[in-house]
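The values are calculated or read from the model by the stated rules, or taken from the named source; none is laboratory data. Model, not experiment: these values are computed from the prediction. In this analysis, Cβ positions are derived from the backbone assuming ideal geometry, glycine residues included, and neighbour counts consider all displayed protein chains.
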Amino acid sequence: MSDMSLATPRAYRRPSTRRIQVLALLTALVAGLILLTLSCGRGCLAPGDVFAALTGAPGADASFVVSELRLPRAVLGLVAGLSFGLGGVAFQVMLRNPLASPDIIGISASAGAAAVFAIVILSVDGWLVSLIAVVAGLGVALLIWTLSARRGAAGARLILIGIGISAMLDSITSYVLLEAPAWDRAEALRWLTGSLNGAQLTQAIPVAGALLIFGGLLAFTARDLEALRLGDDTAQALGVRADGTRLRVTLAAVGLVAIATAATGPIAFVAFLSGPIAARLLPGAKGLLLGAALVGAFLVIAGDFVGQFLLPARLPVGVVTGAVGAPFLLYLIIRANKNGGTL
Amino acid sequence: MTQHHRLETRELSAGYEKRVILEDVSLTIPAGKITAIVGGNASGKSTLLRTLARILQPKAGNVLLDGNSVHHMPSRKLAQVMGLLPQSPIAPEGITVADLVGRGRHPHQGVFSRWSREDDRAVFRALEATGTEELAERDLDTLSGGQRQRVWIAMALAQETDLLLLDEPTTFLDVAHQIEVLDLLVDLNTAQGTTIVMVLHDLNLAARYADHLIAVGGGGIRAEGAPQQVLTEELVQTVFGLSCRIVTDPVSHTPVMVPIGRHKAVEKHKDAAA
C-alpha cells in the first residue's frame, strides 16, 4: 500500500524532471557521437582542427576528410536515424505492438525494393526515388491493412501478413540486384541491410525535408495518437477520431521511413529497436516520439562508427544494427507470448 | 454545475457490418437519472450503448443529443458532454493511476495546450470521488481488479461529462466490488446529477440501482420504465426464456428475480412445467 495520501489538490502532472533529463541526455549523447565521428576515424583530430575544417578556415589540412567524408555521413546518419526512430515508434504505438514496426511488416522492404527498382531499372535519381519509395510504402501499407482488415488491425494477423510481404519484397530487391549490370558488393549491401557508405549531403536533403513535414504532422497528431493507446473505444469517447488519426499517422510514418530508406537502404532494425528502448528510458511514455527519434539517431550513428572502425572488417551500419536487433526481436517475441506485450 | 441533456434515439437500427441487431428503436434516456440496459447474451444491449456513444454508426435512424445527431457532432465537443467506459479498456504498460486518470482530460485540452490547474483539480476530484487518491502514484498493473475498475471510472469522471455511459462496469468483479462500484455511481448521480446509462448483466442489481430499466431482446426494446413495472415474470420469460418468480428485495424494496430451473424447486410451479 502507498503511504502517499494528501488532503488537498496537487499537481498530478509535474513537469517531469525525469523526462527532461532523459531527453537532454539522449540529445547530448547524439551530439557527442556526431562530434566523435567528425573527429575520429582510424586516428583522431583535435577539436580545433575539426572546427577549422568545418568552417573552411584556410590551411586546414583535414578539410577534405571532415567536410567531404565525415560530415555528410554524420548528417545523413542523423536525419535517417531520427526518421527511422520516429516512423518506427509511430507504427508501434498506433498498432499497440512493438512487433508492428515498419521494418518488420514490410514498409521498409517496400521502400527499399521500390528504390532499387527505380535506380537500377528506371535509371532515375534524387527526389523521384524518394517519391517512388513513399508511394510504394503507402501502397504496401494499404495492402497489409486490407488483407488484415478485421476488427482491430493490431493483431498478430497484421504482423504475420507484413512479414510475408516483407519476404516477398526482399526477394524482389535481391532479384533486381542480381540482374543489375555493374553493381559492386558494397552498393548491393546498402539495399539489403542499409549503409551510409558514400554518403553525400544532397542525399540528406529529402530526408531532412521529410522530417520537417512528416515529423511536424506527427507532432500535431501526437496527443491523439497517445489517446489511441487506450484502445479505439476509449479514444473515441475522449473525442479522438480513431480512423482519421490512424490515417495521418500512417501517412507520416510511411513518409519518414520510406524517404530515409530511399537514401540509406533499410538500416536493419533501427525502426524496430528505437521505440522499445525509448519506452524503457521514459516510463509512462510521455515524450516517447522524441525519445525514440533520438535513440534511432544514436543507433545509426553509433552502429556506423562501430562498423567502420571498431570491428576487424569494415561493415555497413545495417550489419551492426542487425546483429544487435535480431536477439532483441527474439526476446520481444518470447515476451509477447507471455503477456501479449504492448509497447 | 451539471446540465441536463436530452439523449434519445429515433427509429434507430444498429448492428455490426451487415448484421442488424436492433431495429426501429425509439427511446429517451431520462436526464439526471440512472438507466440500466438489460438483456440476454447477444441481445444487443452493448450494441445499443455503443451506438448511443457514437462508437458504432447507426444502420438507420438517429441518436440525438439535445436534438442534434451525435454522429454528426464535432468529436471533441461531444466528448465534453458524454463519456464512455468501454467493457475492457486498454492501458499502456507501466502507466500510473494519476497519469491514466489525467487522460480523461483530453477533450478539454487543445493540440499543444499545457496541463492546467483546472486539469489538476478535475483529476483530484475524480480520484477523491472514487477513493483512489492514495493510489495516485501507483502503477496500474499492480492494482487489484476492484481498484483498477475504480481508477477507470475515475478517468471517465475526470472527463467531467454530464452524461456517463458504462458498458458492464461490474464484470470480472466479485460481489463486494460490484456493490462498491454501483454505490459509487449512485453517489455520483446524486451529488452531481450526472446522467448514467449502463449495461448490466445482473437483473437484480439493475433493478436495485437503476431508476429506469430498458430491457432489450428479439431485435428491439421489450420494455422500459421503472424497475417495478419492467421486471415481471412475463418479461423475464420473453427476454430470457426463463421461468421465474418475482419477489421483493427486503433491503431496497425493489423487485428481485428468482429463477425456476428444472431442479431444486420445492413447490410445484406451473410455469416450470410449461
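Figure legend. Inter-residue proximity from region B:71-87: first residues more than 8 Å from chain A (Cβ to nearest Cβ) and surrounded by fewer than 16 Cβ atoms within 10 Å (Cβ to Cβ), second residues β-branched (Val, Ile, Thr) and assigned to a strand (DSSP E or B), beta-carbon distance below 7 Å, spacing 6+ or different chains. Indicated pairs: B:His71/B:Val63. Taking B:Leu48 as the residue in question, decide whether it is of a type outside the set (Ser, Thr, Tyr), within 8 Å of another protein chain (Cβ to nearest Cβ), over 30 Å from A:Ala278 (Cα atoms) and surrounded by 16 or more Cβ atoms within 10 Å (Cβ to Cβ). No: the conditions fail for B:Leu48.
Would you confirm, using the coordinates I've provided, whether B:Val151 is more than 8 Å from every other protein chain (Cβ to nearest Cβ), assigned to a helix (DSSP H, G or I) and not small (Gly, Ala, Ser)? Before you say what the answer is, go through the steps one by one.
Details: more than 8 Å from every other protein chain (Cβ to nearest Cβ): yes; assigned to a helix (DSSP H, G or I): yes; not small (Gly, Ala, Ser): yes.
Taking the combined requirement at face value, the residue satisfies it.
Which residue is surrounded by the most Cβ atoms within 10 Å (Cβ to Cβ), if the candidates are limited to region B:88-116 and must be over 23 Å from the mean Cα position of the chain (by Cα) and among the hydroxyl-bearing types (Ser, Thr, Tyr)? Among those residues, the one meeting the criterion is B:Thr96. Scanning region B:110-120 for residues that are more than 7 Å from chain A (Cβ to nearest Cβ) and either under 11 Å from B:Gln159 (Cβ atoms) or touching a Gly at 6+ places or on another chain (Cβ under 8 Å) (or both) yields a single hit, B:Asp119.
For region B:29-46, a residue qualifies if it is modelled with pLDDT of 95 or more and either among the β-branched types (Val, Ile, Thr) or closer than 24 Å to A:Val240 by Cβ (or both), and the qualifying residues are B:Ile29, B:Ile34, B:Thr35, B:Ile37, B:Val38. The set of residues in region A:324-343 being among the aliphatic types (A, V, I, L, M), at pLDDT 85 or above and touching a helix residue (DSSP H, G or I) at 6+ places or on another chain (Cβ under 9 Å) consists of A:Val324 alone. Do we find a residue being outside any helix (DSSP H, G or I), touching a helix residue (DSSP H, G or I) at 6+ places or on another chain (Cβ under 7 Å) and modelled with pLDDT of 85 or more anywhere in region A:176-194? Checked region A:176-194: at least one residue is outside any helix (DSSP H, G or I), touching a helix residue (DSSP H, G or I) at 6+ places or on another chain (Cβ under 7 Å) and modelled with pLDDT of 85 or more.
Please verify whether A:Arg96 is out of contact with any Asp or Glu (no Cβ under 7 Å at 6 or more places or on another chain), surrounded by fewer than 17 Cβ atoms within 10 Å (Cβ to Cβ) and charged (D, E, K, R), treating the condition exactly as stated.
No.
Would you check if there is a residue in region B:124-131 being touching a Lys or Arg at 6+ places or on another chain (Cβ under 8 Å) and facing another protein chain (nearest Cβ under 7 Å)? Yes, the conditions are met somewhere in region B:124-131. Here A:Phe309 qualifies as of a type in the set (Phe, Trp, Tyr) and either within 14 Å of chain B (Cβ to nearest Cβ) or touching a Lys or Arg at 6+ places or on another chain (Cβ under 8 Å) (or both). In the set A:Val249, A:Val240, only one residue is closer than 20 Å to B:Gln109 by Cβ and assigned to a loop (DSSP other than H, G, I, E, B); that residue is A:Val240.
Restricting region A:208-247 to residues that are within 14 Å of B:Gly104 (Cα to Cα) and of a type in the set (Val, Ile, Thr), the residue that is nearest to the chain's Cα centre (by Cα) is A:Val240. What do you reckon, is B:Val175 within 14 Å of chain A (Cβ to nearest Cβ), of a type outside the set (Asp, Glu) and under 24 Å from B:Phe240 (Cα atoms)? Spelling it out, it is not the case that B:Val175 is within 14 Å of chain A (Cβ to nearest Cβ), of a type outside the set (Asp, Glu) and under 24 Å from B:Phe240 (Cα atoms). Contact map, region B:57-69: first residue without any contact (Cβ under 8 Å) to a residue 12 or more places away in the chain, second residue of a type in the set (Val, Ile, Thr), Cβ cut-off under 7 Å, separation 6 or more or different chains; pairs are B:Ser69/B:Val63.
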